[in-house]
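Each reported figure results from applying straightforward, stated rules to the coordinates on display, with no laboratory input. Keep in mind it's a predicted model, so treat the numbers as computed, not measured. Please note: Cβ atoms are built from the backbone with ideal geometry, for glycine as well, and neighbour counts cover all protein chains shown.
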Amino acid sequence: DTAVSQTPKYLVTQMGNDKSIKCEQNLGHDTMYWYKQDSKKFLKIMFSYNNKELIINETVPNRFSPKSPDKAHLNLHINSLELGDSAVYFCASSVQGAAGELFFGEGSRLTVL
Amino acid sequence: GEDVEQSLFLSVREGDSSVINCTYTDSSSTYLYWYKQEPGAGLQLLTYIFSNMDMKQDQRLTVLLNKKDKHLSLRIADTQTGDSAIYFCAGGHGSGNTGKLIFGQGTTLQVKP
């Protein structure tokens, strides 16, 4: 029974397209995150939501739009994809206020051609 | 700004001890964390240490913290081939709902039989 699940696991698309990644957690956590891991394995936070409210929005292009329909779901929509968007995107969740104790999904590998 | 640095690669023989080192700049981090990432998987929290502690031991894992030098290490005793993975050091930045993790670039641990 997967705690944090992301779909799709792999995504290959052309530059200029729009794509979405979905995330769901069944841990009852209040806070969810998107992290981006680049080709050098460097991991950086993009967004966090607490009870559907946007809390952290790092310096991310506004082509990236997260949406949280409820506290168990956090989706990421990316418009006008660019080559530099190729990365592994990880969804994570935590108990409210415990940003260090993250439960990660398995990642969604996005390749932009 | 906040920064966390690690060496990129470590190779050991099965049965030896592994020591992975990390330095950080944000002295306000209340907790420091070690995460493990196996190939094709998300990150998994291994252990963490409170900033007023010098050492924490958890079975084969020992975390040492030198707050003066802002240096954190993870020692794995009796390293096994199953320990081969990327190990990320991370510092907590901010607090409460606005807290986030700042990750190092990860140390790839290779365990040779």
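What net charge is computed for the residues neighbouring A:Val88, neighbours being all others with C-beta under 11 Å from the C-beta of A:Val88, Lys and Arg scored +1, Asp and Glu -1? The answer is +2.
Length available on full extension from A:Asn62 to A:Arg109: 0.36 nm per residue minus the Cα-Cα distance, which gives 14.9 nm.
Let's test the formula: R0 of 22 Å, r as the Cβ-Cβ distance of A:Lys9 and A:Glu53. What FRET efficiency results, to the nearest 0.05? About 0.20, to the nearest 0.05. Projected onto planes of every orientation and averaged, the convex hull of the alpha-carbon atoms in chain B covers 7.0 nm². Residue by residue along B:27-38, Cβ atoms of other protein chains within 10 Å of the local Cβ number 2 on average.
Using the Cα centre as the reference, give the magnitude of the dipole from point charges on the C-beta atoms of the stretch B:1-86 (Lys, Arg: +1; Asp, Glu: -1; all else neutral), rounded to the nearest 20 debye. Don't skip to the end; give the middle numbers.
Numbers: 8 positive and 12 negative charges, 38 e Å.
Magnitude of the dipole: close to 180 debye.
Each peptide in B:35-43, A:94-102, A:80-88 was scored by the mean count of other Cβ atoms within 10 Å over its residues; highest first, the order is A:94-102, B:35-43, A:80-88.
Mind listing which trypsin sites (Lys or Arg not before Pro) in the stretch A:61-113 are in a DSSP loop and have 14 or fewer other Cβ atoms within 10 Å?
Details: sites: A:Arg63, A:Lys67, A:Lys71, A:Arg109; in loops: A:Arg63, A:Lys71.
For trypsin sites (Lys or Arg not before Pro) across the stretch A:61-113 that sit outside H, G, I, E and B with at most 14 neighbouring Cβ atoms in 10 Å, the list reads A:Arg63.
Give me the inter-chain shielding for A:94-101: mean count of other chain Cβ atoms within 10 Å, whole number please. Kindly include the intermediate steps, with their values, before the conclusion.
Working: counts 3, 0, 2, 5, 4, 12, 15, 6.
Other-chain Cβ atoms within 10 Å of each residue's Cβ, averaged: 6.
Label reach from B:Ser11 (point 7 Å along Cα→C-beta): in the stretch B:80-113, amide nitrogens under 16 Å belong to B:81, B:84-85, B:108-113. Quick one: net charge around A:Tyr35, please, counting Lys, Arg +1 and Asp, Glu -1 for every other residue with C-beta under 11 Å from its C-beta. That works out to +1. Suppose we look only past 21 Å in the calculated P(r) of chain A. What percent of the Cα-Cα pairs does that tail hold? Counting pairs separated by more than 21 Å, the tail of P(r) holds 29 percent.
Within a straight-line Cα-Cα reach of under 20 Å, A:Lys9 can be paired with the following lysines, leaving aside sequence neighbours fewer than 8 residues apart in one chain: A:Lys19, A:Lys22, A:Lys36, A:Lys40, A:Lys41, A:Lys44, A:Lys67, B:Lys36. When only alpha carbons are used to place a centre, the stretch A:56-74 and the stretch A:95-113 end up 12 Å from one another.
So in the protein assembly as shown, what percent of DSSP beta bridges are antiparallel if you round to the nearest 5? Spell out each step's value before the answer.
Details: 75 of 84 bridges.
The antiparallel fraction comes to roughly 90 percent.
Each other residue within a Cβ distance under 11 Å of A:Glu58 adds +1 if Lys or Arg and -1 if Asp or Glu, for a net charge of +3.
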